[in-house]
Structure formats: C-alpha cells, structure tokens
1. What are the lysines whose alpha-carbon lies under 26 Å from the alpha-carbon of residue 88, with same-chain residues fewer than 8 places away excluded?
2. Relative contact order for the chain using alpha-carbon pairs under 8 Å, separation at least 6, rounded to a whole percent?
3. Amide H of residue 181: which non-local residues (sequence gap of 5 or more, or other chain) have their own amide H closer than 5 Å, using H built in the peptide plane?
4. Given R₀ = 25 Å, FRET efficiency for residue 49-residue 93 by Cβ-Cβ distance, to 0.05?
5. Could you work out what % of the accessible surface of the chain is carbon and sulfur, using a 1.4 angstrom probe and leaving DNA, RNA and ligands out of the count?
6. From the square roots a ≥ b ≥ c of the eigenvalues of the alpha-carbon gyration tensor of region 123-192, which class results: rounded (a/c under 1.5), prolate (a/b over b/c), or oblate?
7. First measure r as the distance between the Cβ atoms of residue 153 and residue 84, then evaluate 1/(1 + (r/R0)^6) with R0 = 45 Å and state the FRET efficiency to the nearest 0.05.
8. Expected output is a single nm value to one decimal: the length gained when fully extending between residue 115 and residue 135, i.e. 0.36 nm times separation in residues minus the C-alpha distance. What is it?
Amino acid sequence: MRRFWVLVVLGVTLWPATGQPAAAASLALTEREQQDAIRLGRKSVVNEAFGGEWTSLNGAGETLTVVTPFHRLALAARNAAFKKEPLKPRGISSVLKETTGKLTVWVTLRGAKSDFARFLEPALLDGKAEIKPSFVQNERTALRGEDGRYAARCLYVFPAETLNPKGRFTLIVRDPDEKEVSKFTLDLSAMR
C-alpha cells in the first residue's frame, strides 16, 4: 500500500500542471492533452491573452498564428463556453479529425496591391530541409488598410509526420520568381 502512495505522489509531482505550456507542440493529442485543451479553452473566456502562445509578429508587422491540434481544440471549447454550451463529443472528434497530423499556419501578409498574395508559395525550413505545404490558400483580393497597404490572410497546412514537435522552423513565403516576400520563426517547443 505504501508503494502505491509513493507512486501516486511521484506521478502528481512529475505531471505538468494543467494550463502550463508544454515542452513541445502536440501534433496528435493524447486523452489527457484533449482534456487539458478543453479545460484551457473553457477558462480562457475571461483571459484576454488567450492565443498569445500561438501568435507572433515579424519585423514587417505581419502576423503568424500556428494552429496546433491543442490550440484548435482549446479554441472550440472557448467558442462553446462563450455560448454557455458544453463541447460535444461530436465536436471534439471533428476537431481532432481535421487537425491531427497537420500543422496549420494562418499568416496575415501586407503588400502594395490587392492581388499581391495570389501566387505566393510558403515553405518551412528546419535548417536541413525545406518542407512544402500539403495545402495553400492565399487570399486573392486583400483588404486595403488605412495606410494604403493591403492585408491578405493566407492559410498554409504542412504535414506533421516529418516535423519535430520540439523544433524551430523558419516559414519563408516567396513570390513566383522565388524572391523572399516574408519570413517568420516558429518555435514549436514554446507552444502546445
């Protein structure tokens, strides 16, 4: 019996606390990670900083949001909590089906013309290899801002099987002439 309690205390001590950032992005969630994501999403309705872990800016003021399976499930739980509804099992399985094994990246790019983003091509660099996306959706008609520049929201999906969940990557966005248009750093070890 004493051995049992030692194991319980040790397990509780070593297990990361709920709501604490993980040491790596979870690209396929365990049952425990699913519950942690749902709990975080529910609690986040009173947290204005929700999403900061997955969002960054580059030097040009452009925005990058990484949508890991954990982030997407937490967001679904947050949306359900705003409606004062529970996240249903069907909703959980739908989120997991659409995100498991994928790393989704939303990027807001800025340019001089309304169609500047139409033919842009992204790639993830890990220092050794260039990883091409499995899906690209560039906004064809960007919105004009008050400063006269245009902002385009672009969606890039990368296969997760070759990605190190503790890795640092550089997202490069190039124009059709292979000229670099934008650049972001993704540190998967800093997000769940």
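1. By straight Cα distance, residue 88 reaches 43, 97, 102.
2. Reported as a whole number, the value is 23 percent.
3. The list, which skips near neighbours in sequence, is 173, 174, 175.
4. Values: r = 29 Å, r/R0 = 1.14.
Efficiency, from the Cβ-Cβ distance: 0.30.
5. Numbers: 6330 of 11620 Å².
Heavy-atom surface of the chain belonging to carbon and sulfur, 1.4 Å probe: 54 percent.
6. Prolate.
7. 0.95
8. Extending this stretch completely gives an extra 5.3 nm.
The values are calculated or read from the model by the stated rules, or taken from the named source; none is laboratory data. Every value quoted in this text rests on a predicted model; they were computed, and no experiment measured them. Note: ideal-geometry Cβ built from the backbone for every residue, glycine included; neighbour counts use all protein chains shown. With ligands, DNA and RNA removed, areas are computed over all heavy atoms of the protein, side chains included. Shrake-Rupley method; radii C 1.70, N 1.55, O 1.52, S 1.80 Å.
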